[in-house]
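Below is one structure; the comments refer to it alone.
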Amino acid sequence: MNPQAATGAGPIIALMAAGESRRFGGIKQLAAIHGQPMCRYLALRLLSLSCPLVVVTGAHAGAVEQSLIDLPLQIVRNDDWPRGLGSSIARAARHVLEVHAHATGLLVCLADQPLTAPGHLQRMLARHREHAHSIIATGHDGRTGPPVLFPRDMLAELATWQDARGAHALLERESGRVEALDAPESPDVDTREDLMRAVSLLDDARHGRFLP
């Protein structure tokens, strides 16, 4: 999979692409976004940030991994994917601890959020460079959620995390060290209707009707 070497200090980006996508009625990770599978579309956006990228697969692993085969990233499989998002975050954290000795943190992104803007992620990375011990989360309408950048000192706990909801409980518990960077809403693509809306908004961005 053309794995990237763990060179230099900086965060690792992890793209969560292990879900079964039951509500979607198909393999959501492979749904077409501008002619590309959604997980590939997100991976290419994340690779533009020049950080090592790890993709966590699980359900439909073979098909999802095939869509990424020529990209310069690392793939790790989460055999516990039926337990939910928390188990995939744990798998990514364990990989970083084992392979990326100099990583300063873990930026968790979701493969079903194609509206995630690279500019917002760049701001998160810049804030992490200034405040390496803070949790940098995405804020919208007073709520925080993914993408979330966790500092290195939290990786050991994340490596055993099993909450099916992801890391929401951890963000609540550690609210005193959470910094929220506001961003436009980037809803999950859970249904075909969500996908159509996301594609329409991305088309608007392409034609300059709003800036991503």
Name the residues in the stretch 3-26 that are modelled with pLDDT under 90 and more than 20 Å from Val99 (Cα to Cα), would you? Glu20, Ser21, Arg22, Arg23, Phe24, Gly25, Gly26
Criterion (among the aliphatic types (A, V, I, L, M), under 26 Å from Gly119 (Cα atoms) and not in a helix (DSSP H, G or I)) met by exactly one of Leu46, Leu68, Leu42: Leu68
Which one is nearest to His95 (Cα to Cα) among residues in the stretch 160-170 that are surrounded by 14 or more Cβ atoms within 10 Å (Cβ to Cβ) and touching a residue at least 60 places away in the same chain (Cβ under 8 Å)? Trp161
I'd like to know if the stretch 171-187 contains one or more residues that are closer than 19 Å to Cys39 by Cβ and touching a residue at least 12 places away in the same chain (Cβ under 8 Å). yes
Filter pass, Val189 being of a type in the set (A, V, I, L, M), in contact with a Leu (Cβ under 9 Å, 6 or more places away or on another chain) and either in a strand (DSSP E or B) or farther than 27 Å from Gly26 by Cβ (or both): no
Among residues belonging to the stretch 32-64 that are over 20 Å from Asp190 (Cα atoms) and either touching an Asp or Glu at 6+ places or on another chain (Cβ under 7 Å) or free of Cβ contacts under 8 Å to residues at least 12 places away in the same chain (or both), point out the one that is surrounded by the fewest Cβ atoms within 10 Å (Cβ to Cβ). Gly62
One residue is enough: does the stretch 58-68 have a residue meeting the conditions under 23 Å from Asp194 (Cα atoms) and of a type in the set (D, E, K, R)? no
Is there a residue being closer than 23 Å to Val96 by Cβ, surrounded by fewer than 12 Cβ atoms within 10 Å (Cβ to Cβ) and modelled with pLDDT of 80 or more anywhere in the stretch 187-203? no
Inside the stretch 92-113, can you point out the residues that are of a type in the set (A, V, I, L, M, F, W, C) and part of a helix (DSSP H, G or I)? Ala92, Ala93, Val96, Leu97, Val99
Looking only at residues that are assigned to a helix (DSSP H, G or I) and basic (Lys, Arg) in the stretch 114-159, which one is surrounded by the fewest Cβ atoms within 10 Å (Cβ to Cβ)? Arg129
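The values are calculated or read from the model by the stated rules, or taken from the named source; none is laboratory data. The structure presented is a predicted model; accordingly, all values stated were derived computationally and were not measured. Because the Cβ atoms are built from the backbone with ideal geometry, glycine has one as well, and the counts that use them run over all protein chains shown.
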